[in-house]
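Down below is the structure, laid out as structure tokens.
Derivation of every value follows stated rules applied to the coordinates shown; laboratory data play no part. Predicted model only: the values in this text are computed from it and were never measured. Note that each Cβ is placed from the backbone with ideal geometry, even for glycine, and that neighbours are counted across all protein chains shown.
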Amino acid sequence: MTTTPDCRLYLITPPALDDLAVFGRTLAETLDAGDVAALQIRLKGASDDVIAAAVDVVTPIAHSRDVAVILNDRPDLAAKLGCDGVHVGQDDPPCREARRIMGKDAMIGVTCHDSRHLAMEAAEAGADYVAFGAFFETTTKEASTRAEPELLTIWQESMEIPCVAIGGITAENAEGLVAAGADFLAVSSGVWTHPEGPAAAVRELNAAIARGLALRVRTDSQASG
């Protein structure tokens, strides 16, 4: 997962994958619809075997399209299954432990809610990215915090490691987060439950990212001028 262009899409799987063969076909069509940097496998409560089966199906599809595969919560399982990285929350193994388990080349992301303090701690611990949210109401998980777009701007101006915006993001509300400074937009239900299908969602989200980046450039130019 790279930081160029200035903002990219970070997909998160649906909370359950009932038919992996069907999901694999849907995923291929979705990734072919537009730029996607990474795919996080997030299957809360699933057994190790179920997660392993999902990794086996999605990894070749993602890698053939230069999309990184990141596992949620479990650095031990991510290392065992050969994932590109892991995303850990505040109640999961800490960043330094995840790095020890997965090695220096793995991508480590950390949930930081609405806290710049937590994000700075994660950066100091060697995280490759920090995730802020939730920015909007979300049906994917119960969000304990609500972040404001200004947090992305402050982070962008003061820190070098990328920030991910997460929580209730759709093509309709993404533009402002990009303009505020998000390096990545993490989206789950906004893609998989899109009324016209996930491929349409990816196209619309990439268009929203382009609009947001144009706004960011104009704002930066006005500030420097």
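Could you please state, rounded to a whole Å, how far the C-alpha centre of region 151-225 is from the C-alpha centre of region 44-73?
Region 151-225 and region 44-73 have Cα centres spaced 24 Å from each other.
Within the set of other residues whose C-beta is less than 13 Å from the C-beta of THR30, count the net charge using Lys and Arg as +1 and Asp and Glu as -1.
Numbers: positive: ARG25, ARG65, ARG203; negative: GLU29, ASP32, ASP35, GLU196, GLU204.
With Lys, Arg at +1 and Asp, Glu at -1, the net is -2.
Hey, what number do you get for the chain at 222 nm if only DSSP H runs of n ≥ 4 count, each worth -39500 (n - 2.57), divided across all residues, to the nearest 500? Numbers along the way, then the final one.
Working: 9 runs with 100 residues, N = 225.
It comes out at -13500 deg cm²/dmol, rounded to the nearest 500.
Based on the mean of other Cβ atoms within 10 Å per residue, sort peptides 89-95, 147-153 so the most packed one is first.
Values: 89-95: 15.1, 147-153: 17.7.
Top of the packing list down: 147-153, 89-95.
For a quick check: sort ASP18, ASP76, ASP56 by the number of other beta carbons within 10 angstrom, fewest at the front. Could the numbers behind the result be given before it?
Working: ASP18 7, ASP76 16, ASP56 13.
Ranked by crowding around the Cβ, least crowded first: ASP18, ASP56, ASP76.
By its C-alpha gyration tensor, with a ≥ b ≥ c as the square roots of the eigenvalues, how is the chain shaped: rounded for a/c under 1.5, else prolate for a/b larger than b/c, else oblate?
Details: a/c = 1.71, a/b = 1.20, b/c = 1.42.
Since a/c reaches 1.5 but b/c is at least a/b, the shape of the chain is classed as oblate.
Taking the dipole about the Cα centre of the chain, with the C-beta of Lys and Arg at +1 and of Asp and Glu at -1, give me whichever of ALA147, VAL187, MET120 is farthest to the positive side.
Positive-most Cα among the choices belongs to MET120.
I need ILE169, ILE61, ILE154 ordered by Cβ neighbour count within 10 Å, fewest first.
Values: ILE169 27, ILE61 20, ILE154 16.
Starting with the residue having the fewest Cβ neighbours, the order is ILE154, ILE61, ILE169.
Run the dipole for region 8-224 about the Cα centre, Lys and Arg Cβ at +1, Asp and Glu Cβ at -1, nothing else charged, and hand back the magnitude in debye, nearest 20.
It works out to roughly 200 debye.
Along the charge dipole of region 8-224, Cβ charges K/R +1 and D/E -1, which of GLN156, GLY24, ILE169 sits furthest on the positive end?
GLN156
Can you tell me, using C-alpha contacts under 8 Å and at least 6 residues apart, the relative contact order of the chain as a whole percent? Provide the component values of the computation, followed by the final result.
Details: 435 pairs, mean separation 43.3, N = 225.
The normalised contact order for the chain reaches 19 percent.
Under a plain spin-label model, where a point goes 7 Å from the Cα along Cα-to-Cβ, how far apart in nm are HIS117 and LEU215?
3.0 nm
Magnitude of the Cβ-charge dipole of region 120-225, K/R +1 and D/E -1, about the Cα centre, nearest 20 debye? Could the numbers behind the result be given before it?
Values: 6 positive and 15 negative charges, 67 e Å.
Roughly 320 debye, rounded to the nearest 20.
For a protection proxy built on the mean count of beta-carbon atoms within 10 angstrom, sort 45-52, 108-115, 207-214 highest first, please. Don't jump to the answer; show the numbers that get you there.
On the way: 45-52: 12.8, 108-115: 23.2, 207-214: 17.9.
So the order, starting with the most tightly packed, is 108-115, 207-214, 45-52.
Please give the contour-minus-distance gain from SER64 to THR139: 0.36 nm per residue of separation, less the Cα-Cα distance, rounded to one decimal in nm.
Details: separation 75, 0.36 × 75 = 27.00 nm, distance 3.03 nm.
My answer for the length gained is 24.0 nm.
Taking 7 Å along the Cα-to-C-beta vector as the label spot, tell me the ASP48-ALA125 distance in nanometres, rounded to one decimal.
Taking the simple label geometry, ASP48 and ALA125 are separated by 2.3 nm.
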